[in-house]
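The values are calculated or read from the model by the stated rules, or taken from the named source; none is laboratory data. Everything numeric here is computed off the predicted structure, so don't read it as measured data. Cβ sites come from the backbone with ideal geometry, for glycine too, and all protein chains shown count toward neighbours.
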Amino acid sequence: MNIKIRPAKIEDMSAVLELIYELAIYEKEPEAVEVTVADLERDGFGETPLFKCFVAEIEGAVKGIALVYNRYSTWKGPIIHLEDLIVNKDFRGAGVGTALLNEVVKYGYNKGAKRINWEVIDWNEPAIAFYESKGAKVLRDWDVVQLDQASIKNYIDTL
């Protein structure tokens with residue numbers, strides 16, 4: 001199988017969104033996806049892109065993505081956050097995830113990142129095993145903290 005990893009193009013965003021939905025279904029939260037193709041096009045390809053996306057193309061079709069963006073660690077300095085690495089279910093175990101992660105690590109290295117970080121859901125043992133096999137540390141003693149849009153508004157309303 002010939003896997004081609006390349007930077008995403010604006011015309012890939014509908015395929016990217018399909019993979020985002022596939023991940024949301026896998027993680028049992030399909031209703032949580034709010035982003036649209038138009039959002040992805042604007043936010044990834046506008047005047048000041050908010051993210052960089054790599055796609056895995058097999059026989060001309062997008063079968064995987066890795067979406068990253070810059071962050072800053074008060075302890076380390078510039079870091080890269082891998083928001084999602086998604087591989088179409090029919091192509092898992094075929095090297096697509098490794099090819100995408102390789103590209104993300106090269107990207108981070110070339111940008112001078114002090115660290116690349118991401119989250120993985122605690123019951124996704126295949127993903128955890130994959131990341132650990134690549135030398136990543138899974139920090140199981142940390143909890144993810146979020147304020148969603150409604151919580152942000154409620155917070156502001158209490159100020």
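Couple of notes before you dig in:
- Counted as qualifying within the range 1-109 are the strands (runs of 3 or more DSSP E) with 2 or more residues that are within 15 Å of the chain's Cα centre (by Cα) and closer than 19 Å to Phe130 by Cβ, namely 52-58, 61-73, 77-87.
- Qualifying positions in the range 19-52 - charged (D, E, K, R) and either closer than 20 Å to Asn124 by Cβ or without any contact (Cβ under 8 Å) to a residue 24 or more places away in the chain (or both): Glu22, Glu27, Lys28, Glu29, Glu31, Glu34, Asp39, Arg42, Asp43, Glu47
- Any hit, the range 144-151, residues being among the charged types (D, E, K, R) and modelled with pLDDT under 95: yes
- Checklist (1) small (Gly, Ala, Ser); (2) over 17 Å from Lys111 (Cβ atoms); (3) exposed (fewer than 12 other Cβ atoms within 10 Å of the Cβ) applied to Ala24, failing item: (3)
- Selection count where residues are buried (at least 17 other Cβ atoms within 10 Å of the Cβ) and at pLDDT below 95, scope the range 48-93: 0
- Per-region count, the range 94-153, residues touching a Leu at 6+ places or on another chain (Cβ under 8 Å), loosely packed, with under 13 Cβ neighbours inside 10 Å and closer than 21 Å to Lys28 by Cα: 0
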